[in-house]
Amino acid sequence: MTAAQYDAVRRTAGPRSEHTAEILLGHVALVTDEGLRVVDVHTSRHALEAYLPVIVPATKAAGFPAPRPG
């Protein structure tokens, strides 16, 4: 993904709410040779699944590649 796509997702999904802060342990976005890489660490799988309805539509609209769990 590109920095422009990342910025578009932030605009579409909005700022992280207090609820997200409670379920998100860490968020890192860094530039690699292949583009921008974003890694989120959630408190649980349930916490991640609760956030998916917000973030997935925003990433699709920005043209992100499909996520690769890791």
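Given (1) assigned to a helix (DSSP H, G or I); (2) at pLDDT below 85; (3) open to solvent by less than 70 Å² (accessible area, probe 1.4 Å), where does Phe64 come up short, assuming only one miss?
(1)
Residue by residue through the range 28-46, note down the ones that are at pLDDT 85 or above and not charged (D, E, K, R).
Listed by number, the residues that qualify are Val28, Ala29, Leu30, Val31, Thr32, Val39, Val41, His42, Thr43, Ser44, His46.
Suppose we keep only residues that are within 18 Å of Ala62 (Cβ to Cβ) and in contact with a helix residue (DSSP H, G or I) (Cβ under 7 Å, 6 or more places away or on another chain) within the range 21-37. Which one would you say is least open to solvent (accessible area, probe 1.4 Å)?
For the range 21-37, the residue satisfying everything is Leu36.
The values are calculated or read from the model by the stated rules, or taken from the named source; none is laboratory data. Bear in mind the structure is a predicted one, so any value in this text is a computation, not a measurement. Quick reminder, even Gly has a Cβ in these numbers, built from the backbone with ideal geometry, and neighbours come from all protein chains shown. Just the protein is used for accessible areas: all its heavy atoms, side chains included, with ligands, DNA and RNA removed. Shrake-Rupley method; radii C 1.70, N 1.55, O 1.52, S 1.80 Å.
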